[in-house]
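The values are calculated or read from the model by the stated rules, or taken from the named source; none is laboratory data. Being a predicted model, the structure only gives us computed values, none of them experimental. Note that each Cβ is placed from the backbone with ideal geometry, even for glycine, and that neighbours are counted across all protein chains shown.
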């Protein structure tokens, strides 16, 4: 049974638990299958168990319970250096006493490769990250972005099938981080290597990943491709964590054919997709993306129409962020595209707003 | 006031540049004065307690006032005498000698000159003091009478020594410090084998210091590694154990080693009790080189652990992890990645322990016996017992030069390396 399953999954976590103190679990019952060639991101706030999971996969932490399989083999008792997993660390961990070329040659030397092979491989890896002429420099003589590329090249140079990355872009500034996101993504596409990537930055995760596992409190909240994660969050944590989100809390009135009605504390009824609700009469949190709310909706465009009072307008060039008071909730954000016909939005004024019940998801209460 | 206008291109005319430089210096002057005032107390303290004693020591190792000061007439008379002539000095020199001996006897100063000359040639002291006692009764001409009193005055070599040491500066202390002597004819040659002391002592001091440094490194490295890899709270507690010896008096620590290591001591008793050593064949672990090495290794261990620990603390654990993930065994990862990065700590600790050890005095004096004495003990002996301060100073200078030489070698070999890894 296990064999057939692990044939498909290149990396497989099976009921993995981790506790550091014997009392609380940092990772609770982790189950993931990562197919060969996938770029999987573990995303979550700090302390959610994502880095611990990565360290267990790398072999620097042992699982308290459960099994981790790599290519069908249980690796719980395999030493880190025998796992053949490339890893990029948060602060790169480039060896400061070695040149860039020596850093890249290190994994090849410990594999007793002959020196001419080492030379060609190191050169190829440096060219891949466009640092061909930097081989003789020391890591400290490189910029942050260059060090980052060397770290990626070093993790790839011995051609592992699996690369782990532990917040590798955390130390870079915003522009460089975005540029490196594309570079890593392209390297992944070109080499077809399997990547498990850990980050707390959602835009990084959305840009690069095939699938994202959202961690919270030691549990995977949702494991899905980026679009699905953003468009169809299955619980309030994911809806809140990924992207911007308007939340309205009310009690469930009725539900039928996947569409439900929720009564807000101020008395209004909202229709929404019934995704993750409890029994009728219990609380539910509605999730609604700000860009799916329409100002002055055309007749029939929206099945939920209310009146909002403008509290604050923030001009952002291509769009305006309008904070409104809707149904007694004054943190309601609407993104209004910057066009000529809605210049008259005034603080203190009111405007009709509406949204489609297909864009509004009734989830578990927060 | 002296506003400098910067043109749109940022180009300054030479005059403007000049006034800008002046402005800058003026604005920095206060800062410089402040910095000087802050270091001034320490600077004065160091000048008084460190630089001036060393300067005095350097001076004393070549200073040679005794003969010229306490035998001024003889010194003046000998200035005209040719030491290579193979002829005794003339009557006027003997007359000058008698005058000096009389004055020196009255003022109790002739002994100092006699002691000084005795360093160069034995029996000079008795020659001078013995003659001085009778000098008062002599009538000119003196030459024959002096030779009659002590035929040493007819020995041309004695006169050569007096003439040589009547110069105000001498290298003879250094010559003695290297186990050499100046023959009366002025040649410098090694002493006979059985009279050589200092070179052997210096060499023993060096190799025992190297041994002690190596032992502290071997014992201290794993401890520092453990401390650096433990969580802060536990590491701090264990650090107290490392520092505990620091809070105990050096004498107490040394005496407790005597209690442990001596013939009837704890360790020997245990070995005898277990039958590992027979009772009449107890190990001699103290009052010899072994005792000095064991005790000093213990005393100097914290000086190795502290720099090692502080360097190891800065090596992130991710380096070892990275090496492991790249396929290195724990062994390779340690030797190729961790060890090279701990080299600044090793070299700092080693140079600290070595320099402390090479000048150590009290512990070898207490537990060293005959074979465990250091050059420092010899210097102390000449300072306190033989009162040959010139030789003590010369030995001190030799030791200082040795330490500076080793430090120079160290900074040339490892200094560049350290900078590289810190950069």
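Based on this model, can you work out whether residue B:386 counts as within 14 Å of another protein chain (Cβ to nearest Cβ), out of contact with any strand residue (DSSP E or B) (no Cβ under 6 Å at 6 or more places or on another chain) and either part of a loop (DSSP other than H, G, I, E, B) or in contact (Cβ under 8 Å) with a residue 12 or more places away in the chain (or both)? No: the conditions fail for residue B:386.
Only one of the numbered conditions (1) surrounded by fewer than 19 Cβ atoms within 10 Å (Cβ to Cβ); (2) within 29 Å of the chain's Cα centre (by Cα); (3) more than 10 Å from chain B (Cβ to nearest Cβ) is violated by residue A:129, and that is (1). Candidates are the residues of segment A:105-115 that are farther than 23 Å from residue A:186 by Cβ and part of a helix (DSSP H, G or I); the one that is nearest to the other protein chains (Cβ to nearest Cβ) is A:106.
The set of residues from segment B:76-118 being under 16 Å from residue B:168 (Cβ atoms) and buried (at least 21 other Cβ atoms within 10 Å of the Cβ) comprises B:78, B:113, B:116, B:117. Within segment B:179-195, the only residue that satisfies the criterion of being within 17 Å of residue B:378 (Cα to Cα), buried (at least 16 other Cβ atoms within 10 Å of the Cβ) and in contact (Cβ under 8 Å) with a residue 12 or more places away in the chain is B:179. Counting only helices (runs of 4 or more DSSP H) that sit completely within segment B:11-75, those holding 3 or more residues that are out of contact with any helix residue (DSSP H, G or I) (no Cβ under 6 Å at 6 or more places or on another chain) and over 30 Å from residue B:104 (Cβ atoms) correspond to B:14-46, B:52-60. Might you check whether a residue that is outside the structural domain of residue B:177 (by TED's automatic domain parsing), farther than 29 Å from residue B:66 by Cα, within 20 Å of the chain's Cα centre (by Cα) and not in a helix (DSSP H, G or I) occurs anywhere in segment B:390-408? Checked segment B:390-408: no residue is outside the structural domain of residue B:177 (by TED's automatic domain parsing), farther than 29 Å from residue B:66 by Cα, within 20 Å of the chain's Cα centre (by Cα) and not in a helix (DSSP H, G or I).
Might you check whether a residue that is more than 21 Å from residue A:230 (Cα to Cα) and without any contact (Cβ under 8 Å) to a residue 40 or more places away in the chain occurs anywhere in segment A:349-365? Within segment A:349-365 (the criterion being more than 21 Å from residue A:230 (Cα to Cα) and without any contact (Cβ under 8 Å) to a residue 40 or more places away in the chain), the answer is no, since none of the residues qualifies. Residue A:140 fulfils the conditions (1) over 27 Å from the mean Cα position of the chain (by Cα); (2) buried (at least 18 other Cβ atoms within 10 Å of the Cβ); (3) within 14 Å of chain B (Cβ to nearest Cβ) except for a single criterion, (2).
What residue, among those in segment A:143-172 that are touching a strand residue (DSSP E or B) at 6+ places or on another chain (Cβ under 9 Å) and closer than 15 Å to residue A:96 by Cα, is farthest from the other protein chains (Cβ to nearest Cβ)? Step through it out loud before you land on a result.
Initial filter on segment A:143-172 (touching a strand residue (DSSP E or B) at 6+ places or on another chain (Cβ under 9 Å)): A:148, A:151-152, A:154-170.
Still in the list and also closer than 15 Å to residue A:96 by Cα: A:148, A:151, A:154.
Numbers: A:148: 14, A:151: 9, A:154: 7 Å.
Result: A:148.
Does any residue of segment A:46-58 turn out to be more than 14 Å from chain B (Cβ to nearest Cβ), crowded, with 20+ Cβ neighbours inside 10 Å and in a loop (DSSP other than H, G, I, E, B)? Looking through segment A:46-58, at least one residue is more than 14 Å from chain B (Cβ to nearest Cβ), crowded, with 20+ Cβ neighbours inside 10 Å and in a loop (DSSP other than H, G, I, E, B).
Just so you know, in segment A:88-104 the residues that are in contact with a strand residue (DSSP E or B) (Cβ under 6 Å, 6 or more places away or on another chain) and either within 7 Å of chain B (Cβ to nearest Cβ) or surrounded by fewer than 20 Cβ atoms within 10 Å (Cβ to Cβ) (or both) include one that is modelled with the highest pLDDT, and it is A:89. Residue by residue through segment A:194-229, note down the ones that are touching a helix residue (DSSP H, G or I) at 6+ places or on another chain (Cβ under 7 Å) and over 22 Å from residue A:170 (Cα atoms). If the condition is that a residue be touching a helix residue (DSSP H, G or I) at 6+ places or on another chain (Cβ under 7 Å) and over 22 Å from residue A:170 (Cα atoms), then A:221, A:222, A:229 are the ones that fit.
Only residues that are free of Cβ contacts under 8 Å to residues at least 40 places away in the same chain, over 13 Å from residue B:70 (Cα atoms) and assigned to a helix (DSSP H, G or I) were counted in segment B:94-128, giving 5.
Of all residues in segment B:307-339, those satisfying the criterion of being under 14 Å from residue B:225 (Cβ atoms), at the interface with chain A (Cβ under 8 Å from one of its Cβ atoms) and crowded, with 18+ Cβ neighbours inside 10 Å are B:319, B:333, B:337.
Only one entry of A:118, A:85, A:68 meets the criterion of being away from chain B (no Cβ under 12 Å) and closer than 18 Å to residue A:194 by Cα, and that entry is A:68.
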